[in-house]
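**Q** Sending over a structure as C-alpha cells; questions will come in a sec.
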Amino acid sequence: MGPEETPHRVRMTPGARRVLEAAERLFYEHGIHAVGVDLVAAEAGVTKKTLYDRFGSKEQIVVEYLAGRDERWRALLADRLDAVAEQGPAARILEVFEASRVWAEDHGRRGCSMINAHAEISDPAHPAYPVITGQKRWMLGLFTRLAGELDPAGAQRLGGALMLLHEGALVSYGLGVLPDPFGQALDRARELLGG
C-alpha cells in the first residue's frame, strides 16, 4: 500500500467495538508492540478467535485504532474551526493550537498517538503507516491552506513553520519537558502571524 492510499477498514460489530476500545487503551498506554492480541482479547472479553474473525490481524486493529483517533481529532477540530470561521484565517490557525491543547488534555496525556505509533512503525509496508503519515500530511495541508488565506505567496513557508510549532508542542506535551507547550507554541504562532 502506498503512503497516499486509504487503508482497508473493518465494519464495526459490538464485539469489534469492544476489541477496539480495549486495543486503543492498551496500545496508547503501553505501546503497540508491547501489547499482544491475547491481552486485547482478554480485556475486551472476547476470544482470540473472535478478535481474528473481526479484524484478521493485529495490524488491522492498529489501523482501526489510529484511523479512529484521527477521525475523532478531525471532527473535534472541524467543530472548533467552524466556531471561529467568521474571525478569519489567523483565528482559525490559532484555534488549531487551542484544539490540540483540549485534545491532549482529554485524550493525549502520553503525547500524540501518531508520533508514538511512528516510533514503533516506520516500515512503509505496514498497513497503519499510511494512516500515520497521512494524518501528518493532512495537518501540514491544513496549516498551509490557512496560511495561504493570509499570505498566498508565503503559504508553504508559513504552513511549514506552523506545523513545526504544532508538532513540537505535541511532543513536548507528551514528554512533559516544557511548561504549557501549547501556550508557548501559540505565542510563537501569534508572532509568526504578525500579532
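The values are calculated or read from the model by the stated rules, or taken from the named source; none is laboratory data. In this text, all values refer to a predicted model and were calculated from it rather than measured experimentally. When we count neighbours, we look across all protein chains shown, and the Cβ atoms used for this are built from the backbone with ideal geometry, even at glycine.
**Q** Where the second residue is of a type in the set (Phe, Trp, Tyr) and the first is in the same structural domain as Ala147 (by TED's automatic domain parsing) and lies in region 71-93, which pairs have Cβ atoms under 9 Å and are six or more apart or on separate chains?
**A** Going by the 9 Å Cβ cut-off, the qualifying pairs are Arg72/Trp103; Trp73/Trp103; Arg74/Trp138; Leu76/Trp103; Leu77/Trp103; Ile93/Phe143.
**Q** Check Met163, Met139 and return the single one that is assigned by TED's automatic domain parsing to the domain that holds Trp73, under 18 Å from the mean Cα position of the chain (by Cα) and closer than 18 Å to Arg69 by Cα.
**A** Met139
**Q** Also, quick follow-up: With the structure loaded, tell me whether Ile121 is within 26 Å of Glu29 (Cβ to Cβ) and buried (at least 19 other Cβ atoms within 10 Å of the Cβ) or whether it fails that test.
**A** Answer is yes for this residue.
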